[in-house]
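Asks: One structure, as structure tokens, below. Some questions next.
The values are calculated or read from the model by the stated rules, or taken from the named source; none is laboratory data. Just so it is clear, the model here is predicted, and its values are computed rather than measured. So basically every Cβ, Gly included, is an ideal-geometry build from the backbone, and we count neighbours across all protein chains shown. Calculation scope for accessible area: heavy atoms of the full protein, side chains included, ligands and nucleic acids excluded. Shrake-Rupley method; radii C 1.70, N 1.55, O 1.52, S 1.80 Å.
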Amino acid sequence: MKSKYLILSVLVAGVLTVGCTGKKEEPKKASFGIQPEMTVSTLDTTTVLQMTSDFLEQVKQGNVEDAVSRLYVYENEQVRQLNEQERQNCTFLYSMFPVYDFKVDSFRFIKETDTNVHFHLIIEDPATTASPRTRNGLIRPVRLNGVWYLTLANSAPEQQHAEAGHQH
């Protein structure tokens, strides 16, 4: 009886040894998000974040018309200034609430015509509440011929199909 256990033990140990010392497969690397299709330098990052901060600072200071004058629309592979209706809509939107502060939450460079900067505006006085209300926003910087422009979120056609049904 002992010999059966001994043989069984040797077989199990042999299987485990072969199974554990065999060549292991490399784990597959997961791909999270979209890899950029453009070369991004530190200067690009600094420029985009500075332009966004300048825009949001003007909104915070109540200089909404000046802030809105910094926005563009990207269409037909070109940027253009806002038309009168777009300018009025943006001015109304950014004037609806007092802005006490802002924070850039994230940014993502995908390609020159598709960059996202997510931010939120603090629209309730933090001195009067522990958890002030905020309003989320999105700007899509576009780089054309080496020059960056802040464009409206809905003016980057590459992402419109991907965001159908999603509200920001």
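Asks: Consider residue 36 against the criteria (1) touching a strand residue (DSSP E or B) at 6+ places or on another chain (Cβ under 7 Å); (2) at pLDDT 95 or above; (3) not in a helix (DSSP H, G or I): it satisfies all of them except one. Which criterion is unmet?
Replies: Residue 36 satisfies every listed condition except (2).
Asks: Would you confirm, using the coordinates I've provided, whether residue 9 is of a type in the set (S, T, N, Q), modelled with pLDDT under 65, more than 23 Å from residue 136 (Cβ to Cβ) and exposed (fewer than 11 other Cβ atoms within 10 Å of the Cβ)?
Replies: Details: of a type in the set (S, T, N, Q): yes; modelled with pLDDT under 65: yes; more than 23 Å from residue 136 (Cβ to Cβ): yes; exposed (fewer than 11 other Cβ atoms within 10 Å of the Cβ): yes.
Judged against the criteria, residue 9 is a match.
Asks: Residues 82, 121: which one is in contact with a Lys or Arg (Cβ under 7 Å, 6 or more places away or on another chain), modelled with pLDDT of 95 or more and either open to solvent by 30 Å² or more (accessible area, probe 1.4 Å) or of a type outside the set (Val, Ile, Thr) (or both)?
Replies: Details: 82 fails: in contact with a Lys or Arg (Cβ under 7 Å, 6 or more places away or on another chain).
After ruling out the rest, the residue left standing is 121.
Asks: Now, a different point. It is to be established whether one or more residues within segment 133-154 are on the phi > 0 side of the Ramachandran plot and surrounded by 13 or more Cβ atoms within 10 Å (Cβ to Cβ). Spell out the reasoning first.
Replies: Step one: list which residues in segment 133-154 are on the phi > 0 side of the Ramachandran plot, which gives 145-146.
Then drop every residue that is not surrounded by 13 or more Cβ atoms within 10 Å (Cβ to Cβ), which leaves none.
Checking segment 133-154: not a single residue is on the phi > 0 side of the Ramachandran plot and surrounded by 13 or more Cβ atoms within 10 Å (Cβ to Cβ).
Asks: When you scan segment 67-79, do you find a residue that is modelled with pLDDT of 65 or more, in a strand (DSSP E or B) and open to solvent by 90 Å² or more (accessible area, probe 1.4 Å), even just one? I'd like the intermediate steps shown before the answer.
Replies: Here is the first cut: in segment 67-79, the residues modelled with pLDDT of 65 or more are 67-79.
Among the residues that remain, those that are also in a strand (DSSP E or B) are: 71-75, 78-79.
From the residues that got through so far, the ones that are open to solvent by 90 Å² or more (accessible area, probe 1.4 Å) too are 78.
Looking for residues that are modelled with pLDDT of 65 or more, in a strand (DSSP E or B) and open to solvent by 90 Å² or more (accessible area, probe 1.4 Å), one finds at least one in segment 67-79, hence yes.
Asks: Name every residue in segment 85-106 that is open to solvent by less than 40 Å² (accessible area, probe 1.4 Å) and part of a loop (DSSP other than H, G, I, E, B), in order of residue number.
Replies: 99
Asks: Sticking with this one: Kindly list, by first and then second residue, each pair from a residue in segment 54-70 that is free of Cβ contacts under 8 Å to residues at least 24 places away in the same chain to a residue that is crowded, with 16+ Cβ neighbours inside 10 Å, limited to pairs with Cβ atoms under 6 Å and residues at least 6 apart or on different chains.
Replies: Every condition considered, the pairs that remain are 58/67; 66/58.
Asks: Just to check your reading of the model, which residue among 61, 78 is out of contact with any Cys (no Cβ under 6 Å at 6 or more places or on another chain) and over 13 Å from residue 149 (Cβ atoms)? Walk me through how you get there before you give the answer.
Replies: Numbers: 78 fails: over 13 Å from residue 149 (Cβ atoms).
On inspection, the qualifying residue turns out to be 61.
Asks: Would you be able to tell me the number of residues in segment 53-103 that are farther than 13 Å from residue 152 by Cβ and under 19 Å from the mean Cα position of the chain (by Cα)?
Replies: Qualifying residue count for the region: 5.
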